[in-house]
Amino acid sequence: MAASGPTVPVVGDATVTRGRILEAAISEFAEHGMAGARVDRLALRAECNKQSIYAYFGSKEGLFDAAVEAASAMLAPVVVLAPTDLAGYAVSLYDFMIEHPEAARLVRWHALERPGVAGSSPAMVQRNKRAVAAIAAAQRAGLVASHLPARMLLVFIISLVQTNEDERLVNRGKPIPHTEKRAALHAAVRLLTTPDTTPNTTSTQLEGGKKS
């Protein structure tokens, strides 16, 4: 009788099985984080055995990283960053997070439990580089306020989207209603990103004083 070893994925089933594992991983890690997630429970969700999970992803950490990348890939075609409408981008991102709360929780867990790895996958790095470059170009063109560096502007916009815990702190344990949050988010990002077109009256007054 031949000794049993790790299950080798069948080529024809590879995409389907891998997709089921990632879908189950997004739910499991979003609920429990990496430390609390259980591979046997995840295998049950994905309707596969644990050996298949390790065959595809190598380790629990590798699966965690892949799950975050898969959740991020869901976002990319839905929420498009237009540098001249960053308020609209923020609201679209917020709507996505409301529709997919597991994705938001997963990203937060990843930042906490995988410092130094979070945000470092090649696909995520390239997406963020393109976003920062687009905002910087709009700033140089005078279309977006330039009082903050482009990458910090993007950081602050994303931070404004993800305020659920802070909302509960100031709203008696309850989140702010979605309609109120969306309107306030749009207004806040507009204030943050709209270039100042007011003439420099101080400079004008000084020049006028010299002539008199």
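Please go through the range 146-157 and give me each residue that is in contact with a helix residue (DSSP H, G or I) (Cβ under 7 Å, 6 or more places away or on another chain) and part of a helix (DSSP H, G or I), ordered by number.
Ala150, Arg151, Leu153, Leu154, Phe156, Ile157
Looking only at residues in the range 117-145 that are of a type in the set (A, V, I, L, M) and not in a helix (DSSP H, G or I), which one is surrounded by the most Cβ atoms within 10 Å (Cβ to Cβ)? Give the steps one after another, and end with the answer.
Here is the first cut: in the range 117-145, the ones of a type in the set (A, V, I, L, M) are 117-118, 123-125, 131-138, 141, 143-145.
Add one more test, that the residue is not in a helix (DSSP H, G or I), and what stays is 117-118, 141, 143-145.
On the way: Val117: 14, Ala118: 17, Ala141: 12, Leu143: 15, Val144: 23, Ala145: 17.
If we take residues in the range 117-145 being of a type in the set (A, V, I, L, M) and not in a helix (DSSP H, G or I), then Val144 is surrounded by the most Cβ atoms within 10 Å (Cβ to Cβ).
May I ask you to list the residues in the range 56-100 that are in the same structural domain as Phe156 (by TED's automatic domain parsing), free of Cβ contacts under 8 Å to residues at least 12 places away in the same chain and in a helix (DSSP H, G or I)?
Within the range 56-100, just Glu99 meets the criteria.
So which of Thr194, Thr179 is closer than 28 Å to Ile98 by Cα, of a type in the set (S, T, N, Q), surrounded by fewer than 14 Cβ atoms within 10 Å (Cβ to Cβ) and in contact (Cβ under 8 Å) with a residue 12 or more places away in the chain?
On the way: Thr179 fails: in contact (Cβ under 8 Å) with a residue 12 or more places away in the chain.
Only one candidate qualifies: Thr194.
Got at least one residue in the range 86-109 being within 27 Å of Pro149 (Cα to Cα) and acidic (Asp, Glu)?
Yes, because at least one residue in the range 86-109 is within 27 Å of Pro149 (Cα to Cα) and acidic (Asp, Glu).
Being buried (at least 19 other Cβ atoms within 10 Å of the Cβ) and in a helix (DSSP H, G or I) is the filter here, so list the residues in the range 44-55 that pass it. Can you show your working first?
So the first thing to find is which residues in the range 44-55 are buried (at least 19 other Cβ atoms within 10 Å of the Cβ), and the list is 46, 48, 52-53.
Passing the criteria: Ala46, Ser52, Ile53.
With respect to Ser72, is the statement that it is among the hydroxyl-bearing types (Ser, Thr, Tyr) and surrounded by 15 or more Cβ atoms within 10 Å (Cβ to Cβ) true?
Numbers: among the hydroxyl-bearing types (Ser, Thr, Tyr): yes; surrounded by 15 or more Cβ atoms within 10 Å (Cβ to Cβ): yes.
Criteria met by Ser72.
Please specify each residue of the range 153-176 satisfying the condition of being of a type in the set (A, V, I, L, M) and either surrounded by 12 or more Cβ atoms within 10 Å (Cβ to Cβ) or within 12 Å of Leu93 (Cβ to Cβ) (or both).
Keep residues of the range 153-176 that are of a type in the set (A, V, I, L, M), which gives 153-155, 157-158, 160-161, 169-170, 176.
Residues satisfying the conditions are Leu153, Leu154, Val155, Ile157, Ile158, Leu160, Val161, Ile176.
The values are calculated or read from the model by the stated rules, or taken from the named source; none is laboratory data. Being a predicted model, the structure only gives us computed values, none of them experimental. Every residue, glycine among them, receives a Cβ derived from its backbone with ideal geometry; neighbour counts consider all protein chains shown.
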